[in-house]
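Encoded as structure tokens, the structure appears first; notes follow it.
The values are calculated or read from the model by the stated rules, or taken from the named source; none is laboratory data. Being a predicted model, the structure only gives us computed values, none of them experimental. Counting neighbours? That spans all protein chains shown, and the Cβs are built from the backbone with ideal geometry, glycine included. Heavy atoms of the whole protein, side chains included, go into the accessibility calculation; ligands, DNA and RNA do not. Shrake-Rupley method; radii C 1.70, N 1.55, O 1.52, S 1.80 Å.
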Amino acid sequence: MWTVPKPKYKNALSEEGDITVNIGGVRVVLFGDDLQRYPESRLAELSSCSAQHPELISTLCDDFDPGRKEFYFDRDPDSFKCIIDVYYFDEIHIKTGICPICFIKEMEFWKIDQSVLDECCKSYLSEKEEELKEIANKVKAILEDLDGDQCITRTQRCQRFMWRLMEKPDSSLPARIIAIASFLSILLSAVVMCVSTIPELQVTNAEGKLVEHPTMEGIETVCMLWFTAEFVLRLASSPSKVRFALSIMNIIDFMAIMPFYVVLSLTLLGTTSMMELVNVQQAVQALRIMRIARIFKLARHSSGLQTLTYALKRSLKELGLLLMYMGVGIFVFSALAYTMEQSHPETLFRSIPQSFWWAIITMTTVGYGDIYPKTTLGKCNAAVSFLCGVIAIALPIHPIINNFVVFYNKQKVLETAAKHEVELMELKSGGQARKKSQE
């Protein structure tokens, strides 16, 4: 908390260089000695400018009253109140409620360098500049979609149409239907993967082993054919193949499709005696586990999951602190538990590494009960480790939730701002077209 000392105001403009300015209806008296601390600023130039040079004065202000010796500016008075602080305190703070981008324009008008901004305001300004860049990128993407019909060749038009159909659910009704179908296919594939493991729904093969029901395999094959067609069409219509290949979501899609064809290939190779059947079956079982990657495809169709991913990325520091706290606690409490339980003849703590498992399930409040202390000191140690684990897990929860809410609201604001920017551009272009037609 800092206070601003009041400057010593004078009764009249007795000294040379003192000026009176009117900023949006707010009249302020400024003293030449203070203004000359920044001689290259607009106000300093006004203070040193003589009333006999009206042409020079007109370039520095919007209007001038020679009788009252008052300079008029059609500017924001709230921003000006912050800017004049630089003449008294050599720094500027942007007050709450003032747009930082507009404030920078005000500083440029008054010819004040941005280096006088306080560090907190600079970080706030950088965040707003990043938001503007994101809005510009979103506007650029929208404009590219709108200009897709202006492609030169028929192949380019077909490629752009297919890209919209597969990647832009909001572009048309067919695109939305495809997105819904893809979403339902992911859910159906995940359900089939889970249900096919129920023994009552499995069938016995020639060797007497339980295998998936043919109906389940058929449904899975249909879903995989849909995923494959979707992936191939998106790859073929992608404007940038390199960017498509390096995208995390596309890598997840490939990892969800690949096990199906690898399993199919290994099965065919195994039946032709090119590999041992046992090894093929082991490889098939290992690759079937990779089918769980399909569930991550839901992130492509869920803005909430995408926001959660970005929130976790922004919270890596907090998650790192959580792991560090838990790691230290696990080491300390497992070593204490091993030492305290050695006096009991039926102790379950045979070694410190074995005690790590007990410390993990205790500090995370799971408590399987397979390992537990039997001495009084061991139980007290368990109680303390339990409480420390609850506190350590609860500490980073608030920053992670806050990052999630902030990022989600920010994305909504950016999307709305981008759409409004496009609408304004369309209105301006329409107005210019009408003016040309009238001429």
Hits in the range 368-382 - residues which are assigned to a loop (DSSP other than H, G, I, E, B), of a type outside the set (Phe, Trp, Tyr) and surrounded by 14 or more Cβ atoms within 10 Å (Cβ to Cβ): ILE371, PRO373, LYS374, THR375
When only residues in the range 215-268 that are small (Gly, Ala, Ser) and in a helix (DSSP H, G or I) count, which is farthest from ARG164 (Cα to Cα)? SER265
Neighbours by Cβ (under 7 Å, 6+ apart or cross-chain): first from the range 315-338, over 13 Å from LEU395 (Cβ atoms) and open to solvent by 40 Å² or more (accessible area, probe 1.4 Å); second modelled with pLDDT of 85 or more and assigned to a helix (DSSP H, G or I): LEU336/ASN381; TYR338/ILE352; TYR338/SER355
Among the residues that make up the range 268-290, is at least one of them modelled with pLDDT of 75 or more, open to solvent by less than 80 Å² (accessible area, probe 1.4 Å) and among the small types (Gly, Ala, Ser)? no
Those residues of the range 233-252 which are surrounded by 13 or more Cβ atoms within 10 Å (Cβ to Cβ), over 21 Å from the mean Cα position of the chain (by Cα) and not small (Gly, Ala, Ser) amount to LEU233, ARG234, LEU235
Within the range 65-112, how many residues are hydroxyl-bearing (Ser, Thr, Tyr), open to solvent by less than 30 Å² (accessible area, probe 1.4 Å) and more than 20 Å from ASP18 (Cβ to Cβ)? 1
